[in-house]
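Written out below as structure tokens is the structure these notes cover.
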Amino acid sequence: MAVVRMNRITILGLKKERSSLLESLQKLGVVEIKQEQPDEEIKDRVHNSNVQNELMKIDTIISDFERALTILDSYVPVSKPMFSSRRTVSEAEYSETMKSRDEAINIAKKVILLEEEVAKIRSEENRLNNLSASLTPWVDADIPLNVTGTHYTVCLMGTIPATYSLDNFSETLSSQCPESVLIRGIGSREHHYIAIIAHKAIEADILSLLRNYGFNRISLREVEGTAREGKEFIQKRLADLSEEREIRISAIKELAGSREMLEVVSDGFRMERARIEGRSRLLSTRSVFLLKGWLPAELSDKVKEYISENYFCAVEIEEPGDDEEYPVLLQNGSVVESISPVINMYGLPSSRELDPSAFTMPFFIFFFGLMLGDGGYGILMALITGFILKKYKLEESTRRFIKLLFYCGLSSILAGFLFGSWFGIASLTKTALLIVPTEQPELMMSYSILLGIIHMYTGMFVKALNYIRRKQYFDAICDVFFVYIMLSGFVLSLLPYAPGIAVSSSSSIVKTGNNLFLIGVALVLLTQGRKSKSIFGKIFGGLPKLYDIVGFFGDCLSYIRILALGLASAIIGDIVNTLASSFGGFILVKILTMTLVLVVGHLINFLLNALGAYVHSCRLQYLEFFGKFLEGGGEAFKPFKAETKYILVNNEISELFNTRAKSRVA
């Protein structure tokens, strides 16, 4: 339950050992390398390596591997489980495979070349198929399509709209241009296909006539002979192209056996790219280099010892200053770590704040359970996510998210016992251990607001802990304890108006609340202007703080969403059950219909309300809870390590750091 303490590391080493040291640091994966820039007075002797050309070259290689692997997946798909992780390879296996990197590059290029040839063949096939389709109207015309005329005649081929009568056109053509012959093609609903052979002397007259009929000329010069002969030639050519295409596809499929090698080498180039980029962050001269960065304090001695033993360099470890910010790495146990997806989505705390994970975790899952509000749905969620966690080897981020959903499922089961809600079955509400929200919504509203007050008070408590951590004890008293008094009095004063709770306005608890409220207001007014330099500010600086009462009241109302979502889940579940039981008719049809309605209805209700519970529980943490204490702005610790896509290399060096901290950094 803490932000991992970081130390600053500085390494001064020989340039000839730079690449080897970067490779070792990448295998360790526990050091973040800072970007360093030379001072103006030493710019002529110290520089950052210019690696742009190297990065462009290696990006091209990685892109070729990605394209080749995508092609192989399209022709020889590999079935992977729904939740798959990167496969683990030993360092010896990785090193042996990387010896064949040139072969892998050639295979990737060959796969791409074969796919390009397949694409060209398919393009030609499409062109020939379109050409064959354009010849269909002329298959009955015994004329060479590539001949547009002779010494004395002209041949005009084209279409006229089907709205014109072809018989009327034929009569008009015969009467106005008797020295012509009309050849009819196979028409369509939109066009008449015609060919006219006429003496060249009347070509202009024929064209003038055709313009009146919306004639559109067609040229088929690329086809030798008649349309029937052309289609036969095209079919033969398509058969040849199909054979050529299959040969190339077969060659691609044969290369699929090298898929794993391509994946390993592809990730090898990704690691090399990271090392090249890391080199650009260092300061270098002709003979030495300087590296600065951060690493977890608990690993500092081991890292220094390893580097000093294996490299001829100077290593210095320094603790950060009391007010110095450093990269943030959160350290939590196996249960609390599951809340990290929620924390990361909002943003990390600063390195000078407490880790909010342990405070957020119980509230998040409890609110989720109350909002989903059905023990049956909780059982389903817990069983599904538990099976996934047990059955599959997951990536770390995925594992934490699935584990969070598992705990949310358990919380929903607890809500089922509290509310007597199990798949919306109305008869089971009598088993409720606490309250039936659909029968006592006013009381459930008060419970929701009470949970919200506890939630926000916890946030204010964390704020006080942050003050105490920085030794700002007086600030903790003035900004938290006095506000506690004011808000607690405000809450107690409003008890008579709380729905479902019978408290008289003349009761002692309400009177105590009134007194606490007045005392709290006085303390806030007296202390909130303490940091102002002017007398006016010191006296009246506390007035704006009183507006927090309005904000607190609005935040309390925001927790009514716990009631709203819980009611929605229960009511919709009951509606689904009622609808399923309302069907009559033949018993077999009734059973099938009832089963379909129950399964589909409850599945939709479960998915929609689970999504709503997750979103709104996040919303309560981000606004009402984190807003009370979390300053944020922390930069995540980004260790220099292998960022791979397909494999995880089990390095021997990493055994040196076989600790909980190592697993967190990884």
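The values are calculated or read from the model by the stated rules, or taken from the named source; none is laboratory data. Model, not experiment: these values are computed from the prediction. Cβ placement follows ideal geometry from the backbone for every residue including glycine, while neighbour counts extend to all protein chains displayed. Note: accessible area is taken over every heavy atom of the protein model, side chains too, but ligands, DNA and RNA are not part of it. Shrake-Rupley method; radii C 1.70, N 1.55, O 1.52, S 1.80 Å.
Some values worked out for this structure:
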quantity: Solvent exposure of the chain as accessible area per residue, Å², 1.4 Å probe; calculated: 52 Å²
quantity: For segment 520-564 versus segment 76-123, the gap between their alpha-carbon centres in whole angstrom; calculated: 62 Å
quantity: Relative packing of 622-631, 305-314, which averages over residues the other C-beta atoms within 10 Å, highest first; calculated: 622-631, 305-314
quantity: Once the Cα gyration tensor of segment 76-200 is diagonalised, semi-axes √(5λ) in Å; calculated: 63, 19, 8
quantity: Highest average packing first - 102-110, 458-466, 408-416, Cβ atoms within 10 Å; calculated: 408-416, 458-466, 102-110
quantity: Among the listed pairs Lys545/Lys638; Lys292/Lys645; Lys463/Lys511; Lys34/Lys80; Lys15/Lys302, those beyond 31 Å (Cα-Cα); calculated: Lys545/Lys638; Lys34/Lys80
quantity: Sorted largest first, extent of segment 191-346 alpha carbons per principal axis (Å); calculated: 102, 49, 41
quantity: Full-extension gain in nm, Ser134 to Thr148, via 0.36 nm per residue minus C-alpha separation; calculated: 3.3 nm
quantity: Residues of segment 1-43 with amide N under 19 Å of a point placed 7 Å along Cα→Cβ from Thr285; calculated: 10-19, 36-43
quantity: Highest average packing first - 215-227, 271-283, Cβ atoms within 10 Å; calculated: 271-283, 215-227
quantity: Label-point separation in nm, Asp102 to Phe586, each point 7 Å along Cα→Cβ; calculated: 7.5 nm
quantity: Sequence-separation-based contact order of the chain, relative, with Cα cut under 8 Å and 6+ spacing, percent; calculated: 23 percent
quantity: Per-pair calculated FRET efficiency, R0 = 22 Å: Phe481 and Arg530 via Cβ, rounded to 0.05; calculated: 0.95
quantity: Given (1) 57, 30, 26; (2) 42, 35, 24; (3) 69, 45, 28, the label whose value is semi-axes √(5λ) of the Cα gyration tensor in Å derived from this model; calculated: (3)
quantity: Percent carbon-and-sulfur accessible area, segment 91-218, ignoring ligands, DNA and RNA, probe 1.4 Å; calculated: 49 percent
quantity: R0 of 30 Å, Cβ-Cβ distance Lys253-Ser84: FRET efficiency to nearest 0.05; calculated: 0.85
quantity: Kirkwood Rh and Cα Rg combined as Rg/Rh, segment 461-509; calculated: 1.22
quantity: Spin-label proximity, Asn650 to segment 77-111 - amide N less than 17 Å from point 7 Å beyond Cα toward beta carbon; calculated: 85-97
quantity: Segment Ala358-Glu179, extension gain: residue separation times 0.36 nm, minus the distance between their alpha carbons; calculated: 54.6 nm
quantity: Carbon + sulfur, % of accessible area of segment 378-483 - ligands and nucleic acids excluded, 1.4 Å; calculated: 71 percent
quantity: Cα-based helix-to-principal-axis angle, 482-493 vs the chain, degrees rounded to 10; calculated: 80 degrees
quantity: Label-point gap, in nm, between Asp205 and Asn126 - each point 7 angstrom along Cα→Cβ; calculated: 4.6 nm
quantity: For segment 273-391: span of alpha carbons on each principal axis (Å, largest first); calculated: 69, 38, 25
quantity: Dipole-positive endmost among Leu630, Met261, Ala251 within the chain (Cβ charges, Cα centre); calculated: Leu630
quantity: The chain: antiparallel DSSP beta bridges as a percent of all, rounded to 5; calculated: 90 percent
quantity: Charge tally in the Cβ shell below 11 Å around Met486, where Lys, Arg are +1 and Asp, Glu are -1, Met486 excluded; calculated: 0
quantity: Cβ-Cβ FRET estimate between Ile575 and Glu260, R0 fixed at 51 Å, reported to 0.05; calculated: 0.45
quantity: Fully extended contour minus Cα-Cα distance, from Leu389 to Thr10, at 0.36 nm per residue; calculated: 132.4 nm
quantity: Qualifying GluC sites (Glu not before Pro) for segment 39-97 [loop in DSSP, other Cβ within 10 Å: at most 15]; calculated: none
quantity: Estimated dipole of the chain in Debye, rounded to 20 [Cβ of Lys and Arg +1, of Asp and Glu -1, Cα centre]; calculated: 1800 debye
quantity: Volume of the Cα convex hull of segment 23-101, divided per residue and given in Å³; calculated: 191 Å³
quantity: 18 Å tail of the calculated P(r), segment 445-528, as % of Cα pairs; calculated: 51 percent
quantity: Charge dipole (debye, nearest 20) of segment 1-155; +1 at Cβ of Lys and Arg, -1 at Cβ of Asp and Glu; calculated: 660 debye
quantity: Mean-position separation - Cα centroids, segment 327-379 and segment 204-283, in angstrom; calculated: 52 Å
